[in-house]
Amino acid sequence: SVDVICNKIFTSGTNVLNMTLAGLNIDTLEKVADRILKSRKIAFFGSGGSILVARDAEHKFLKIGVNAIAHEDMDMQLMISSLMKEDDLGFAISHSGNNIKVLNCIQNAKECGAPVVALVGPGKNAMGRLADYCLNCAAEKTMFRSESVSTRLAQLTIIDALVAIVA
């Protein structure tokens with residue numbers, strides 16, 4: 001029923017937010033906020049549902065005067081990442097943390113000397129190992145696949161926290 005579906009979705013979202021907060025490394029979050037303040041530009045990288053989080057982050061950071069960019073086109077992301085400088089910040093968003101295209105962007109940014117943040121799902125993954133700063137989101141498996149709407153909610157909430165800290 002609609003009532004059961006709504007209860008399950010809302011409960012899942014609440015659970016993921018509580019689990020994400022419980023596992024959030026506040027020291028790392030503070031370091032990321034400080035790095036954002038010191039950066040000339042933040043370039044967000046992601047694909048699929050994660051690019052939606054990146055676009056939301058771009059919008060929110062621009063609203064508070066932080067130079068941010070998030071392109072949906074992967075070729076543009078690759079070009080942007082290959083032109084980064086040491087005073088820029090790469091910010092990768094991926095539920096799995098193993099998306100090869102986003103990993104290529106991280107590698108480009110690091111080769112240019114730019115530090116990288118990874119906002120990823122739980123567990124060990126390539127982005128978390130490669131990034132200078134790793135922020136983890138909890139996840140709950142759903143009937144719609146492991147990357148649930150609740151995970152995106154946790155990603156968006158971490159972005160909201162960073163925006164508030166930076167502002």
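The values are calculated or read from the model by the stated rules, or taken from the named source; none is laboratory data. Model, not experiment: these values are computed from the prediction. Cβ: placed from backbone, ideal geometry, glycine included. Neighbour counts: every protein chain shown. Quick note on the areas: whole protein, heavy atoms, side chains included, nothing else; ligands and nucleic acids left out. Shrake-Rupley method; radii C 1.70, N 1.55, O 1.52, S 1.80 Å.
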Kindly indicate which of 156, 119 is in a helix (DSSP H, G or I) and modelled with pLDDT of 90 or more. 156
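Give, as residue ranges, the helices (runs of 4 or more DSSP H) completely inside region 1-108 that count at least 3 residues that are over 17 Å from the mean Cα position of the chain (by Cα) and farther than 19 Å from residue 167 by Cα.
2-23, 74-82
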Return the residues of region 36-54 that are more than 20 Å from residue 103 (Cβ to Cβ) and either open to solvent by 40 Å² or more (accessible area, probe 1.4 Å) or not aliphatic (A, V, I, L, M) (or both); say none if nothing qualifies. 37, 38, 39, 40, 41
Being at pLDDT 80 or above and of a type in the set (Phe, Trp, Tyr) is the filter here; which residues of region 122-148 pass it? 133
Any residue at all in region 88-98 that's open to solvent by 10 Å² or more (accessible area, probe 1.4 Å) and acidic (Asp, Glu)? no
Restricting to region 1-35, and then to whatever is surrounded by 17 or more Cβ atoms within 10 Å (Cβ to Cβ) and in contact with an Asp or Glu (Cβ under 7 Å, 6 or more places away or on another chain), can you tell me which residue is farthest from residue 121 (Cα to Cα)? 12
Enumeration of residues in region 64-86 that are open to solvent by 70 Å² or more (accessible area, probe 1.4 Å) and in contact (Cβ under 8 Å) with a residue 40 or more places away in the chain: 85
